[in-house]
Amino acid sequence: MIAALGQDLRYALRQLRKSPGFTVVGVITLALGIGANTAIYTLFDQALLRSLPVKEPNRLAVLRFSGDDTGSTHARGDSNLVFSYPMYRDLREHNSVFSGLIATSWAQVGVQWHNQPDLADAELVSGNYFNVLGLQPALGRLLVASDDEVENGNPVAVLSFSYWQRRFGSDSGIVNQSISINGHPFTVIGVAPRQFHSVVGRDNPAVFVPMTMKPEITPDWNDLGERRSRWLDMVGRLKPGMLHEQAQVGIDQVWHSIRADELKQLGRTSQRFRDAFLTNSHLFLDDGSRGVPVHGTVPATLLIVMGMAVFMALMSCTNVASLMLVRMARRTREISVRYALGAKRRRLLQQLLVEGLLLGLAGGVLGMVLAPQVAALLIRTIWGEGRRQLAFSSHPDLRILTFNFGLALFVSVLFSVAPALQFRRPDVTQALKQQAAIIAGDSLHLRRAMVAAQIALSVLLLIGAGLFVRTLRNLKDLDLGFATDHLVTFTVDPKLAGYEDVRTVALYQQILDRLSGLPRVRSAAATNDPELANNNWGNNITIAGYHPAEGDHMNVEWARVSPGYFSTMRMPLLAGREIEPSDRLGTHKVADVNESFARRYFGRPQDALGHYFCSGAGDVTPDIEIIGVVKDASHTTVRESVRQTVFTPYLQDPQLGPVYRFGLTFYVRTWPDPKLAESTIRAAMYSLDSKLVLDAFRTMQEQVDDNLSDERVIAFLATSFGVLAALLSAIGVYGVLAYSTAQRTREIGIRVAMGASRFEVIKVVLFEVARLVAIGFSVGLPICFSLARLVRSELFGVSNYDPVTLIVVCSVIAAIALASAALPARGAVKVDPMVALRYE
């Protein structure tokens, strides 16, 4: 048995070497299918499917509530997943369903080590965080309950493993040393385990600090004792043997008891509010094995890309199957001879199986080598080098590798063995006479069907690529309302360097003066509400003399800006003047508004000048005069429609803490390439104060590209998959035509002998091409129209039935098919009638 297997292995290697074209195309096709799918499924698995690397993750539950609430909410995802710190303490102390309940909240901090400032993500966690998750330190110790008992009483920190490696060079001596966080000393007590990042999905914090250190981590925003401020997530570990249904009933009873006490403290007596706040409010326990979900664009992008990868996998499998069938059909005579010489069916199947396994193994190995590289490219392309670090790895999960590798082997084996199964009762004499005729017909029909399917999938992918490319182009060509050239931007938050409010105003002015005085700098300005940063600051307003209709919302975007902001951004002024240095605290309050604001409330831009408004509603006195109107500009995202916006001088705000909680974003317009000014700007900031951390330093064009990252990724991958699918289709068309032309050699010879012209011979081949393309279009286009509706929301400025895209794609596919038919057609017209009549 072993000897026979060795013989088959050697024979299979010889056969594959004899057909290098078939071998190379088959291996590369499988590798592309496996590599692309494995890479994409690796990210999808980490984003949505993989369990946390903690002890018994199936016993974790994420807390979520329903019903109304009062007060402020600070949430990065579902607002019903965040709670107040007093609520956390009440639930932790009074529940009987959890063996432990933890709290966590994301923050951004400035970390300084050896006089080098660094902006990093931090996670505020309850003292029982690591213990409840069942984690052990990689170095030192982790936080314990006693670290989290007294407000601002224990400034200690645990480093994440990746941050310890990246920032501290894996130095074990960092334990028990002091680092500066937001200008305050913290003692490093340990390093978290390597595989663990956070209990919050996709977060990758650099440091973990006790929840009671929040006043130092989020200056001007404590709220540890504020019951009406919701900002933390909660995850509980169910007690051993506790059923989910039992736990749900138990925790909901505790929730209602606590909410009833809160209702009394609120003093609200209306039945409607009572029903929304208490009667119809419930606390739910969601699956926490994958951590706290954070909604965003990542899953949506991956879902679209994953759908493309599925079609790519189908293309790869279909192409390999077609190659296998043609190869087996050409080996009909060989198989017949082996039967005639006494070969057993079992041995023949074994030999073919070995060949298929070798091909699948080679393609699978190459695909697995490519997968991590493709995954790493996707991570860099989607999330970029300079963006917030996410907990994604480019290394595939074993489950995904096993599935994709198994699929490749299955396809290879199936279509290696399938033709041989037709020889269960072979007519050897007839087979030897007709060579490939026994299975030629069936194989050709099946191959035609497969090539038609490939064309359909190519149409699907290329139309998708065309729609996304046109969407990206439309967004890039969109007038943003300001000039992006020669503009660089970065954010400075002095609180992360330990500054107090009284020093912050002076520092901002020093920064603006220093930037404006730099060589090769035209101008500099700042705002607390940066452009295209997916950021909003809203306020309700009251306008003097304006009486809103019922249901007319009076909420507008409210940005605080420095003098010269519009001239630096090159936002055209339509009427009046822009904010000047003299507009500061103690002077007459003024504001500029955008064109949408002016047209909505006053009709024409110039009619808005001189009118007054103020923040808030009710018994308020409008005291801010509109002094100018600027042209509308894209703000939150490139896609989003323009909101009514007011711009007030940041120097006229009496309270800096709440307004500038995340610092100011500075814009510097340069004379040369803005990239060349980065080192100069950084040196200027360092000389001003070495503790200052510059966040998100980039050109404005990079900011625009970052804003369009999802569209760019989808367009790039859709185009790549579409081009690859078209090439595979071309190979398939060529194979079918070459094979069918060879099978019809005798027929073509007779036609030529009877006087058929070259054009008439070519028509035979072209008719075959037209039939394949027509079948592919008739299958692919209806499917494409159906699926296009699913991605309609991702398109911009283009219909999902865009005629230009349809015409271009159909023309390209037809041209590729005709080009693929060139060689078979050329061979057909060169047929010698005498040779053809002796064929077979």
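Observations on the model:
- Residue match in segment 48-55 (condition: in contact (Cβ under 8 Å) with a residue 24 or more places away in the chain, assigned to a helix (DSSP H, G or I) and within 30 Å of Gln373 (Cβ to Cβ)): yes
- Boolean, Gly545 is open to solvent by 30 Å² or more (accessible area, probe 1.4 Å), assigned to a loop (DSSP other than H, G, I, E, B), modelled with pLDDT of 85 or more and of a type outside the set (Phe, Trp, Tyr): yes
- Taking the criterion of being closer than 25 Å to Leu60 by Cβ and open to solvent by 50 Å² or more (accessible area, probe 1.4 Å), the residues of segment 139-181 that qualify are Arg141, Val144, Ala145, Ser146, Glu149.
- Of the helices (runs of 4 or more DSSP H) lying entirely inside segment 711-823, the ones with 3 or more residues being out of contact with any Asp or Glu (no Cβ under 6 Å at 6 or more places or on another chain) and modelled with pLDDT of 85 or more are found at 758-788, 803-820.
- Residue check for Asp90: open to solvent by 10 Å² or more (accessible area, probe 1.4 Å) and either part of a loop (DSSP other than H, G, I, E, B) or at positive phi (or both): no
- Residues of segment 509-530 classified as touching a Gly at 6+ places or on another chain (Cβ under 9 Å) and either at pLDDT 90 or above or over 23 Å from His635 (Cα atoms) (or both), total: 5
- In segment 56-73, the residues that are under 23 Å from Val199 (Cβ atoms) and open to solvent by less than 40 Å² (accessible area, probe 1.4 Å): Pro57, Leu60, Ala61, Val62, Leu63, Phe65, Ser66
- Scan of segment 610-625 for residues that are small (Gly, Ala, Ser), under 20 Å from Ala549 (Cα atoms) and in a loop (DSSP other than H, G, I, E, B), ordered by number: Gly616, Ala617, Gly618
- Flag for Thr29 being hydroxyl-bearing (Ser, Thr, Tyr), over 17 Å from Asp397 (Cα atoms) and either open to solvent by 50 Å² or more (accessible area, probe 1.4 Å) or modelled with pLDDT of 80 or more (or both): no
- Of the numbered criteria (1) surrounded by 15 or more Cβ atoms within 10 Å (Cβ to Cβ); (2) of a type in the set (S, T, N, Q); (3) modelled with pLDDT of 90 or more, the one Asn222 fails is (3).
- Evaluating Ser180 against the criteria (1) modelled with pLDDT of 95 or more; (2) in contact with a Phe, Trp or Tyr (Cβ under 8 Å, 6 or more places away or on another chain) leaves one unmet condition, (1).
- Of the residues making up segment 553-568, those that are open to solvent by 40 Å² or more (accessible area, probe 1.4 Å) and either assigned to a loop (DSSP other than H, G, I, E, B) or aliphatic (A, V, I, L, M) (or both) number 1.
- Residue that is surrounded by the most Cβ atoms within 10 Å (Cβ to Cβ) [pool: residues in segment 496-533 that are under 21 Å from Arg698 (Cα atoms) and without any contact (Cβ under 8 Å) to a residue 60 or more places away in the chain]: Ser516
- Any hit, segment 115-135, residues being over 25 Å from Thr491 (Cβ atoms), touching a helix residue (DSSP H, G or I) at 6+ places or on another chain (Cβ under 9 Å), loosely packed, with under 15 Cβ neighbours inside 10 Å and in contact (Cβ under 8 Å) with a residue 12 or more places away in the chain: no
- For segment 629-647, taking the residues that are of a type in the set (A, V, I, L, M) and under 19 Å from Glu794 (Cα atoms), the one that is least open to solvent (accessible area, probe 1.4 Å) is identified as Val638.
- Filtered by the rule that a residue be part of a loop (DSSP other than H, G, I, E, B), on the phi < 0 side of the Ramachandran plot and surrounded by fewer than 17 Cβ atoms within 10 Å (Cβ to Cβ), segment 590-609 gives a lone residue, Arg604.
- Residues within segment 38-85 that are of a type in the set (Gly, Ala, Ser) and in contact with a helix residue (DSSP H, G or I) (Cβ under 8 Å, 6 or more places away or on another chain), tallied: 7
The values are calculated or read from the model by the stated rules, or taken from the named source; none is laboratory data. Values in this document were obtained by computation on a predicted structure and should not be read as measured data. As a convention, Cβ positions derive from the backbone with ideal geometry for all residues, glycine included, and neighbour counts pool all protein chains shown. Note: areas computed on protein heavy atoms with side chains; ligands, DNA, RNA excluded. Shrake-Rupley method; radii C 1.70, N 1.55, O 1.52, S 1.80 Å.
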